[in-house]
Every structure is written in structure tokens, then in C-alpha cells.
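The structure under discussion appears below in the form of C-alpha cells.
The values are calculated or read from the model by the stated rules, or taken from the named source; none is laboratory data. Keep in mind that this is a model prediction, so the values were computed, not measured. Reconstructed Cβ throughout: ideal geometry from the backbone, glycine too, with neighbour counts over all protein chains shown.
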Amino acid sequence: MELNIVLKTVIQQPLPTSSSMSLRDEVNSATAISQRQILNTSHLGDILDLLKRHGYSGVNYYDFGLHLGLLPRTLNVIDMERGDVSSHFRLCLEKWLQQADDVKGKGGPTYDTLIQALRKIEQNAAADGIDRELSIGKF
């Protein structure tokens, strides 16, 4: 019964209109904001899943980390850690999400920065897929 009342209320509400902005512009604006949202370590699992879904395995995590704003000394420490490429990649993303080194100088840990870094290491298919997924709000 409560759900029915809520649904009737929502359905009966007129859609907001804006003379200066179309609905598409409003959606694009909201998407742009979410792509610039500062991420943190609580987003690590989501980011790993997103990258995996779009075919980026993290094999060249060192170059990727450089484009995210991590310094060679940080990446060298990660490189010397025990573990495989996937654990090193995860550590690289953790450092990025913790805003280590020059991450802020590259725009901070955002989806937009992630996409830009993928493009710089020529992972355009992954970058395009993530950009599309975020723009339709699927993520």
C-alpha cells in the first residue's frame, strides 16, 4: 500500500523543466560531475571490476601508474613487493586512490583521470568503454 502511494506521488509529479538546459544537457552535466568525483580506497573493488569489464588487465601498471601521477620511487617499491602483476596493479591503484605522490597534480583520483591515463598508454578501447558506461549511468 505504501509503495502504491509513493508511486502515485512520483508519477503525478510533473517533470522539472529548464528554459536554459535540455534534459540531455542535464544528464550530461550530472555525468560529467560523477566522472570528476574524487574517489577513495572504498572504490577500489568497483574500479578493478570496471577495468576488468573493459579488458584492461593491468599488465603495464607501471606506465599506467606514472600517468596517474605516481612517482617512479613509489612504483619501484610496488615492483619489488612479493606477488604477481595483479597484486602489483592493485597496489598501484591503492596508492592512486590514497592520492600519493603527484596524483592531485594529474587531477586527483577520478574516473576522468583514469580514462585519460588509459588513453596515454594506448588502451583506447578500455577508455572508450568506461567512458560510455559512465555516460549512460550503467556503473
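Looking only at the stretch 72-106, which residues are within 12 Å of the chain's Cα centre (by Cα) and surrounded by fewer than 21 Cβ atoms within 10 Å (Cβ to Cβ)?
Listed by number, the list holds a single entry, LEU97.
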Taking the stated definitions as given, is THR74 in a helix (DSSP H, G or I), touching a helix residue (DSSP H, G or I) at 6+ places or on another chain (Cβ under 8 Å) and at pLDDT 95 or above? yes
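Which of the residues belonging to the stretch 107-138 are within 17 Å of GLN37 (Cβ to Cβ) and either among the hydroxyl-bearing types (Ser, Thr, Tyr) or surrounded by fewer than 13 Cβ atoms within 10 Å (Cβ to Cβ) (or both)?
THR110, TYR111, THR113, SER135, ILE136, GLY137, LYS138
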Working carefully through the options LEU97, LEU93, LEU118, find the one that is more than 14 Å from THR74 (Cβ to Cβ) and in contact (Cβ under 8 Å) with a residue 24 or more places away in the chain. LEU118
Condition (residue is touching a Leu at 6+ places or on another chain (Cβ under 9 Å) and within 18 Å of ASP128 (Cα to Cα)) applied to the stretch 72-95: is it met by at least one residue? no
